Amino acid sequence: MNNTPPGLRLLRPPTVIGQFHTLFFGSVRMFFLGVLGFAVYGNEALHFSCDPDRRELNLYCYNQFRPITPQVFWALQLVTVLVPGAVFHLYAACKNIDQEEILERPIYTVFYIISVLLRIILEVIAFWLQSHLFGFQVHPLYMCDASALEKTFNVTKCMVPEHFEKTIFLSAMYTFTVITILLCIAEIFEILCRRLGYLNNQ
């Protein structure tokens, strides 16, 4: 018999796929962002150089090249995607709802599915934003329109450091987003199948 309080039991997702998703989300994705992301993008602004190599021009063009830094964007993505699940688990903990009740009571099943659907929507939005902000490939040269800074600059060439590593990392983050979406879809099917199995056993 499990003597763990219901609120603590619900810290674990009620589905096997949900538990795997939490492990995948919490370990692999955050490891990539926290460790490898810093290694690849940490000093990008310092090594981003334009022709002529002047500090104000480099800063101006880098801000044009990166309206938001990838690390900040992906950190916001991770936090945002966590919110629906966190809200559901907080509600369940306050109501002392255990994993079995989510399957037994339709209202809780619906609430849980809605939280997973919100995760899918947020991941799709993040995928779309990432494609518009960073594209799918990092090119070695960036053509910067610096005419607003000084008329003599006009369009200048800028060198993007470690562009190949950034392309690989970018592809990995796209892949993680797609895997997370697929896991969420699979989780919905799992909880629906378990709900149907519970109804058939009644």
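Here are some notes:
- The candidates 143, 173, arranged from most to least accessible area with a 1.4 Å probe in the full protein assembly, appear as 143, 173.
- Phi-based couplings in Hz for the range 107-115 (Karplus 6.51, -1.76, 1.60; Gly and Pro marked x): 5, 6, 4, 5, 4, 5, 4, 4, 5
- Solvent exposure of the chain, expressed per residue, is 57 Å² of accessible area, with all protein chains present and a 1.4 angstrom probe.
- For the range 112-202, carbon and sulfur atoms together expose 70% of the accessible surface, with a 1.4 angstrom probe and every protein chain in place.
- Dipole magnitude of the chain, debye to nearest 20 (Cβ charges: Lys/Arg +1, Asp/Glu -1, about Cα centre): 280
- Residue-count net charge about residue 138 - beta-carbon cut-off 9 Å; Lys, Arg +1, Asp, Glu -1: -1
- Compared with the dominant principal axis of the Cα atoms in the chain, helix 163-201 is inclined by about 10°.
- Amide H contacts of residue 49 (H built 1.01 Å from N, in plane; Pro and chain starts excluded): 159 sit under 5 Å, all sequence-distant by 5 or more or on other chains.
- Projecting the Cα atoms of 93, 142, 36 onto the charge dipole of the chain (Cβ charges, centred on the Cα centre) puts 93 farthest toward the positive pole.
- Calculated on alpha-carbon atoms, Rg and Dmax of the range 77-171 in Å: 22.4, 71
- The chain: translational diffusion in µm²/s, Stokes-Einstein, Kirkwood Rh over Cα pairs, 4 °C, 1.567 mPa s: 66
- Relative to the longest principal axis of the Cα atoms of the chain, the long axis of helix 70-95 lies at roughly 20 degrees.
- The local environment of residue 119, defined by Cβ-Cβ distances under 14 Å, has a net charge of -1 under the rule Lys, Arg +1 and Asp, Glu -1.
The values are calculated or read from the model by the stated rules, or taken from the named source; none is laboratory data. Predicted model, so just to flag it, every value in this text is computed and none were measured. No Cβ is skipped: glycine too gets one built from the backbone with ideal geometry, and neighbour counts run over all protein chains shown. The area values use the complete protein model at the heavy-atom level, side chains included, leaving out ligands, DNA and RNA. Shrake-Rupley method; radii C 1.70, N 1.55, O 1.52, S 1.80 Å.
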